[in-house]
Amino acid sequence: MKRLWYEFKKGLTIQNPTFGLILGLCPTLAISTTVVNALGMGIAATFVLLGSNIIISALRRIIPQEIRIPCYIVVIATFVTITELLMKASSPTLSKTLGIFVPLIVVNCIVMARAEAFASKNSLIYSLFDALGMGLGFTLALTLIAGIREILGNGTFLGIPILKNFEPIIVLILPPGALLTIGLLIGLTNWLKRKKK
Amino acid sequence: MTQYLMIIIGAIFINNFIFTRFLGLCPFIGVSKETKPALSMGLAVTFVMTMASLITWLIYRFILIPYNLLYLRTISFILVIATFVQLVEIFIHKVSPTLFRAFGIYLPLITTNCAVLGVALLNSEMFFKEKEVLTNSFSFSILQGFSAGLGFTLAILLMSGIRERLEMAEVPQALKNIPIAFIVASLMSIAFLGFVGFKL
């Protein structure tokens, strides 16, 4: 039980994929213009992570060592395709705004890294909790970045205006704002880590 | 003719893969500490992106469309790209060991570079309309792959030049290395915003 909690928690804290391990940055930066996009992307990635971690962990004794990477790619790509089709059917507008970043979850390093570093070595139940933690950690990081950008760059949160009499800092919702926000946030994480020591 | 020029300028400057599309950031941050490896990485990516555009166009046009398999786009593209990169690695290893040493470690990394799959997906969305093949789509796709690669090379080369100088600069401890690289990239991205709306 304690171990399950640990596997779940680590994705949210020390091994957070975005701020701790600095993985999967392309979608993080590209779609974090609004909180809605960030949540959509986070849920999609969590679903893929869950599916691929479960299948790969279940098949870990069958997959031959030499061709494991192509096998992982096929499993991951299958779940990505499922997500793509589901999203297209259930929310066409979201699928249009996320665009090619939904199929690009295939090459998201977080999914591959969890398959290679965790699911291929651990049992199903641990892999499941690992995927949940990592997916949630990714979603939270995305939402944090998107929240900062949407509030300061557009004056809204989830599309609802919250800052009145405030001149939005437009550059934050433009591409440079994404790079600036993530740079400062990683800097902040480093600073907090150093302070703890 | 202007259409071709617009694709080149569009992929290198207006929609630069790094600064506006955010594709291929991992190698951009990871391999931009020195100029020489950055250039090798840029050229390797350009080559793979051009070839991947060519191969995925053929697959989309002659396999996925006629057999009604459009939903297999993601899975087929990634598998083909991964196989292709592996083949190139084996080929270079046999033919030119010197080139292999220069290129070698970067090639496997390129498989998981989202810029390569990204350009293939973009091509299939820009130059095809569902199942309809738009005019010149073949030459446009390859040109876009090549120019996007050049845009990536330009970005990573500029970045490595700046980061070489940053080594000497006094940066706050917490911002050293990766965070400052992002902030520099952000400033460069503002400069690239100047190209938005540019038309011939």
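For chain A, find the longest principal axis of its Cα atoms and tell me its angle to the long axis of helix A:35-58, 0 to 90°, nearest 10.
10 degrees
Could you grab the relative contact order for chain B? Cα pairs under 8 Å, six or more apart, rounded to a whole percent. Mind dumping the intermediate values first?
Numbers: 224 pairs, mean separation 86.2, N = 200.
Rounded, it is 43 percent for chain B.
Under a Cβ-only charge scheme (Lys and Arg +1, Asp and Glu -1), can you give me the dipole magnitude of segment A:42-197 about the Cα centre, in debye to the nearest 20? Don't jump to the answer; show the numbers that get you there.
Details: 14 positive and 6 negative charges, 114 e Å.
That gives segment A:42-197 a dipole magnitude of about 540 debye.
Take each uninterrupted DSSP H stretch in chain B, measure its Cα extent along the helix axis, and return the ones at 27 Å or beyond whose mean Kyte-Doolittle hydropathy is at least -0.5.
Helices passing the filter in chain B: B:35-59, B:73-95, B:137-166.
Nearest 500 deg cm²/dmol is fine: what mean residue ellipticity at 222 nm does chain B get from its DSSP H runs of n ≥ 4 alone, each adding -39,500 (n - 2.57), divided by its residue count? Kindly include the intermediate steps, with their values, before the conclusion.
On the way: 9 runs with 134 residues, N = 200.
After summing the helix terms and dividing by the residues of chain B, the value is -22000 deg cm²/dmol.
With an 8 Å cut-off on Cα pairs and a minimum separation of 6 or more residues, tell me the relative contact order of chain A in percent. Spell out each step's value before the answer.
Details: 254 pairs, mean separation 69.0, N = 197.
Contact order relative to length: 35 percent.
Ignoring everything but the protein chains, give the 1.4 Å probe accessible area of B:Lys131 in square angstrom, nearest 10.
Counting only protein heavy atoms, B:Lys131 exposes about 100 Å² to solvent.
Given a cut-off of under 8 Å on Cα pairs at least six residues apart, what relative contact order in percent is computed for segment A:37-140? Let's see the in-between values first.
Details: 107 pairs, mean separation 53.9, N = 104.
It rounds to 52 percent for segment A:37-140.
Would you work out the charge dipole size for the protein assembly as shown about its Cα centre, treating the Cβ of every Lys and Arg as +1 and the Cβ of every Asp and Glu as -1, and quote it to the nearest 20 debye? Show your work: numbers first, answer last.
Numbers: 31 positive and 15 negative charges, 190 e Å.
Result for the protein assembly as shown is approximately 920 debye, rounded to the nearest 20.
The protein assembly as shown: D in µm²/s via Stokes-Einstein (Kirkwood Rh, Cα pairs, 10 °C, 1.306 mPa s)? Provide the component values of the computation, followed by the final result.
Values: Rh = 21.8 Å.
The diffusion coefficient I find is 73 µm²/s.
Would you work out which of B:Leu193, B:Ile142, B:Leu117 lies farthest towards the positive end of the dipole of chain B? Charges go on Cβ: Lys and Arg +1, Asp and Glu -1.
Final value for the positive-end residue is B:Ile142.
Of A:Trp191, A:Trp5, B:Trp57, which has the most accessible area with a 1.4 Å probe, and how do the rest follow in descending order? List each step's numbers first, then the result.
Values: A:Trp191 120, A:Trp5 145, B:Trp57 30 Å².
If we order A:Trp191, A:Trp5, B:Trp57 from most to least accessible, we get A:Trp5, A:Trp191, B:Trp57.
Restricting the calculation to Cα positions, tell me the Rg (one decimal) and the Dmax (whole number) of segment A:91-141 in Å.
13.2, 39
Please report, in whole Å, how far the alpha carbons of chain A spread along each principal axis, starting with the longest.
That gives 61, 48, 29 Å along the principal axes, largest extent first.
What whole number of Å gives the distance from the Cα centroid of segment A:78-103 to the Cα centroid of segment A:118-197?
Rounded to whole Å, the Cα centres lie 21 Å apart.
Show that you can apply the helix-only estimate: for chain A, add -39,500 (n - 2.57) for every DSSP H stretch of four or more residues, divide by all residues, and state [θ] at 222 nm to the nearest 500. Don't skip to the answer; put the middle values down first.
Numbers: 8 runs with 129 residues, N = 197.
Calculated mean residue ellipticity at 222 nm is -21500 deg cm²/dmol.
With a ≥ b ≥ c taken as the square roots of the eigenvalues of the C-alpha gyration tensor of chain B, please select rounded if a/c is under 1.5 and otherwise prolate if a/b is larger than b/c or oblate if it is not? List each step's numbers first, then the result.
Values: a/c = 2.19, a/b = 1.40, b/c = 1.56.
In terms of gyration-tensor shape, oblate.
The values are calculated or read from the model by the stated rules, or taken from the named source; none is laboratory data. What you see is a predicted model, and the numbers here were worked out from it, not measured in a lab. Cβ sites come from the backbone with ideal geometry, for glycine too, and all protein chains shown count toward neighbours. The accessibility values were calculated without ligands, DNA or RNA, using every heavy atom of the protein model including side chains. Shrake-Rupley method; radii C 1.70, N 1.55, O 1.52, S 1.80 Å.
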